[in-house]
1. From ALA97, ALA74, which residue is in contact (Cβ under 8 Å) with a residue 24 or more places away in the chain, part of a loop (DSSP other than H, G, I, E, B), open to solvent by 30 Å² or more (accessible area, probe 1.4 Å) and out of contact with any strand residue (DSSP E or B) (no Cβ under 8 Å at 6 or more places or on another chain)?
2. Can you tell me which residues in region 169-207 are of a type in the set (Ser, Thr, Tyr) and touching a helix residue (DSSP H, G or I) at 6+ places or on another chain (Cβ under 7 Å)?
3. Could you check region 100-120 and list, in sequence order, the residues that are among the hydrophobic types (A, V, I, L, M, F, W, C), surrounded by 15 or more Cβ atoms within 10 Å (Cβ to Cβ) and assigned to a loop (DSSP other than H, G, I, E, B)?
4. Within region 78-97, is even one residue over 17 Å from the mean Cα position of the chain (by Cα) and at pLDDT below 90?
5. Which numbered condition in (1) surrounded by 17 or more Cβ atoms within 10 Å (Cβ to Cβ); (2) at pLDDT 95 or above; (3) not aromatic (Phe, Trp, Tyr) is the only one that LYS41 fails?
6. Taking ALA60 and the conditions (1) touching a Pro at 6+ places or on another chain (Cβ under 6 Å); (2) surrounded by 13 or more Cβ atoms within 10 Å (Cβ to Cβ), which numbered condition does it fall short on, given that it satisfies the others?
7. Of the residues LYS49, LYS18, LYS42, LYS103, which is in contact with a Gly (Cβ under 6 Å, 6 or more places away or on another chain) and among the charged types (D, E, K, R)?
8. Working only within region 121-177, note down all residues that are open to solvent by 30 Å² or more (accessible area, probe 1.4 Å), part of a strand (DSSP E or B) and under 18 Å from THR67 (Cα atoms).
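The values are calculated or read from the model by the stated rules, or taken from the named source; none is laboratory data. What you are looking at is a predicted structure, and each value in this text was computed from that prediction instead of being measured. With ideal geometry, Cβ positions are generated from the backbone for all residues, glycine too; neighbour counts draw on all protein chains shown. Each accessible area value is taken on the protein alone, full model and side chains, heavy atoms only, with ligands, DNA and RNA left out. Shrake-Rupley method; radii C 1.70, N 1.55, O 1.52, S 1.80 Å.
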Amino acid sequence: TRADSKTVTDLKPGTKVKVQGTLKEWHPTAGEFSDKTYTAKKHIKEVDKAVITVLTSGTAPTPLDVTIDQLIGATTADTYEDVLVRVKGAAVAVIKAADPKYKNVDAVLVDKAGKMLEMRDDLYPLTTVKELDCLDASGIMTYFFGYRIQPTQKADLATATGCSKPADIKISDIQDSTSSSHPKEDAWIKVSGVISAVDANPSVDSSTSVKKYTGFFLQDDTGKGTYDGIYVYYVWASNSQAKVP
């Protein structure tokens, strides 16, 4: 509610306001969160039934330069919640198709250290973003069963240089822990091979009631056979960009 009878949508970044309202805490009872990474996360705070008085117009805050490690760290992430931040030199590893129920689109950013952060389109569409893009990504840091950055405008998705790329390795490098190229868990990698089987036991998507395949088996047909196979987990019914192989 605006004290001057105008709408909240008349506000814009840079406007200085006075806000009066009731402090609310979402999920105030300990134990209601199922987040195993951020076990100390008990509340999401907000001001409810706010009355907003516009004081002056001005310039929006400058994004705070941070690392992905700071934004996802178990002891640091909570300090950046609802703050305008910027991550420099992050590559777009994955762009997920719109959720069939909530329609939101998520992308995954990865920095040179291999740390990953989810980016969501709740405040600005990600239609111009492509996989392997190199970005200086700005946005509001939010939490909902996980921390994610939310761009607010086109300028928040600035082209950058020097981003990392996925490690091009063999399937056997993954399966054989003695390989000199064996990646750590959660590493950003790329493999290729021939499909040996497609999952023949589809489950049912709880949002759409549509049957969905969960993945396929991939094998490096140029290898020796040992350690050359892996299961690729995917859900096609929830992603219109993917085709059953």
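1. Being in contact (Cβ under 8 Å) with a residue 24 or more places away in the chain, part of a loop (DSSP other than H, G, I, E, B), open to solvent by 30 Å² or more (accessible area, probe 1.4 Å) and out of contact with any strand residue (DSSP E or B) (no Cβ under 8 Å at 6 or more places or on another chain) holds for just one of ALA97, ALA74, which is ALA74.
2. SER179, SER181, listed by residue number.
3. Scanning region 100-120 gives a single hit, VAL105.
4. Looking for residues that are over 17 Å from the mean Cα position of the chain (by Cα) and at pLDDT below 90, one finds none in region 78-97, hence no.
5. With respect to (1) surrounded by 17 or more Cβ atoms within 10 Å (Cβ to Cβ); (2) at pLDDT 95 or above; (3) not aromatic (Phe, Trp, Tyr), LYS41 is out only on (2).
6. So the condition that ALA60 fails would be (2).
7. Criteria check complete, one pass: LYS49.
8. Those that are open to solvent by 30 Å² or more (accessible area, probe 1.4 Å), part of a strand (DSSP E or B) and under 18 Å from THR67 (Cα atoms): ASP136, ILE140, ALA158, THR159.
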